[in-house]
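Everything on this sheet refers to the single structure shown next.
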Protein chains: 2
Amino acid sequence: MIASALAERVLSGELRADDRLPSERHLAVEFGASRQVVREALRSLVERGLIDVEPGRGAYVHGDNGPRRFPPLDLEYRRRGSTARHLSEARLMLETEAAVLAAQHAEAHDLAVLERTLDRLDASVTPLDRVRGDLAFHSALVAASHNPVIETMFGSIQGLTVELMVRSAGDPETVRRSGPHHRLLFEAIRDRDPEAARRTIRAHLGIAASTYGDDYDQSLDTTAAHALRLIGSGAGLETFLRAILPDHPGA
Amino acid sequence: MIASALAERVLSGELRADDRLPSERHLAVEFGASRQVVREALRSLVERGLIDVEPGRGAYVHGDNGPRRFPPLDLEYRRRGSTARHLSEARLMLETEAAVLAAQHAEAHDLAVLERTLDRLDASVTPLDRVRGDLAFHSALVAASHNPVIETMFGSIQGLTVELMVRSAGDPETVRRSGPHHRLLFEAIRDRDPEAARRTIRAHLGIAASTYGDDYDQSLDTTAAHALRLIGSGAGLETFLRAILPDHPGA
DNA sequence: TGGTCATACCGGTCAGACCACTGTACAGTA
DNA sequence: TACTGTACAGTGGTCTGACCGGTATGACCA
């Protein structure tokens, strides 16, 4: 009840991004409840991404400033028995559409970001760098589509996408063959050539999919375990993932 | 901390669907914390959909039985300023891919469900019936893709899709022109013809997109308001939505 | 004017108590 | 012996009051 009422304040615009909510003690008085109940309600709102709570300062409506986290759906996908094939199919769908739209809608700022991520990717040395750079490039590509629905859907697979990228980054042959696609993709978008963009992204992700072999129709957990073996990393995937997506809730 | 530890138990399979969690008092002892802190952690898990809490009985791991709700992302899409165009583009992307995959992977059960929803759609009389039937058909189509990632993404726009469908259902010309596509789509899938499936779904959704006119690049809120005017419904969209998706959290 | 300290307020947590609900076991009655 | 009702243990839901560490502001002093 309290959670719903407060959520309504946020959703209705009564409270705006970065606004401070009344204190727990004030809310307890206002709703005629104990502070504990208020805290539980606030916890719900935190979990829904509507607010952020800062100890000693108060609770604030989640800001529109800075990079917004995408609602990750790793859990949902895992629980539905998704395989590497399912994920790859979905990723191909998203990035193909995004590339085509980017070739139509990308603005100067988008191109600058894309080029910057390209430079960074070219300068990558370690697998961690390469995965970071790869993710940045593909995220910039999807952002250049200027379709927030598609972007959000891509964000929902971001953590799992990192696992795919770990796999690709661990195979030198894959890196060698698919590497040039990044630049070609950028050029297709810069030159407003949707068909070239489509062909390039499909070729690019097709190569990544070919690294799977017997794992392609295995569950995502199996896939992730093998990914780290490929890059010979001593750390667990969780640690690796945190290095790349610090805000990502544990999968 | 406690929330993470418990989530891990659920995700690791240590606790399975419908298993009962230890009581709050037991968890408080186990984690050396107060019951209040345990309750807040449990509230987080509830909000994440991992568990259900039943007063007087205890907390249970969310069951795998019965129809699973898709995590709706209406709020996220609205807050990112999505328009009817963005939603339509994403929907076209999802359903095109789903139709192609369905033509490759649909099984006898899928075809039976599709045909049943077709019959129901043909028998529709009121706008409510038509929207219900339309949603059922398109959901069955996406399910026939046998890709849980794509299905989940489609589910994330389900509430907003209903709003699109309300719009189409309110225009007799749109209903007349796009109606036959449903049967054609079914036949393409039955006959294992991905290209026909692709063409048909694109034509089908293209007609729906043409009902927008000036609203196409307006925010989704504007679009929804106009939708109900088209069908001359006395009820608000919220009521209409609830009649179709009873479990849908308020948008 | 800048630095330090005190105070008010913030969220985080604890302990203990009480309430309504749920389920099981046992006693009483037909 | 079988059925029904009651009591009790256990459940989650909530309240009250207290204490802790962190934050921010204002007052005072050098």
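Would you mind listing the helices (runs of 4 or more DSSP H) fully within the stretch A:120-203 where at least 2 residues are more than 14 Å from every other protein chain (Cβ to nearest Cβ) and buried (at least 17 other Cβ atoms within 10 Å of the Cβ)? If you could, list the steps in order and put the result at the bottom.
Details: elements: A:127-143, A:148-156, A:158-169, A:172-190.
So the answer is A:127-143, A:158-169, A:172-190.
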**OP:** Please state which one of B:143, B:106 is within 23 Å of residue A:154 (Cβ to Cβ) and hydrophobic (A, V, I, L, M, F, W, C).
**Re:** B:143
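In this structure, does residue A:139 turn out to be touching a residue at least 24 places away in the same chain (Cβ under 8 Å) and polar (S, T, N, Q)? Let's see the steps before the verdict.
Details: touching a residue at least 24 places away in the same chain (Cβ under 8 Å): no; polar (S, T, N, Q): yes.
Here the answer is no, as residue A:139 does not meet what is asked.
If I filter the stretch B:76-87 down to residues being more than 7 Å from every other protein chain (Cβ to nearest Cβ) and surrounded by fewer than 22 Cβ atoms within 10 Å (Cβ to Cβ), which single residue comes out as nearest to residue A:95 (Cα to Cα)? Outline the logic, then answer.
From the stretch B:76-87, those more than 7 Å from every other protein chain (Cβ to nearest Cβ) are B:78-79, B:83-85; that's our starting set.
Then drop every residue that is not surrounded by fewer than 22 Cβ atoms within 10 Å (Cβ to Cβ), which leaves B:78-79, B:83, B:85.
Details: B:78: 22, B:79: 22, B:83: 20, B:85: 18 Å.
The qualifying residue nearest to residue A:95 (Cα to Cα) is B:85.
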Original post:
Is the stretch B:50-57 home to any residue that is touching a residue at least 12 places away in the same chain (Cβ under 8 Å) and at the interface with chain A (Cβ under 8 Å from one of its Cβ atoms)?
Top reply: yes
Original post:
So, of the residues in the stretch B:204-230 that are outside any helix (DSSP H, G or I) and touching a strand residue (DSSP E or B) at 6+ places or on another chain (Cβ under 7 Å), which turns out to be modelled with the highest pLDDT?
Top reply: B:218
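Would you say residue B:13 is farther than 24 Å from residue B:155 by Cα and at pLDDT below 90? Before the answer, list the steps.
Values: farther than 24 Å from residue B:155 by Cα: yes; at pLDDT below 90: yes.
Spelling it out, residue B:13 is indeed farther than 24 Å from residue B:155 by Cα and at pLDDT below 90.
The values are calculated or read from the model by the stated rules, or taken from the named source; none is laboratory data. Predicted model only: the values in this text are computed from it and were never measured. Here Cβ is always computed from backbone atoms with ideal geometry, including for glycine, and neighbour counts include all displayed protein chains.
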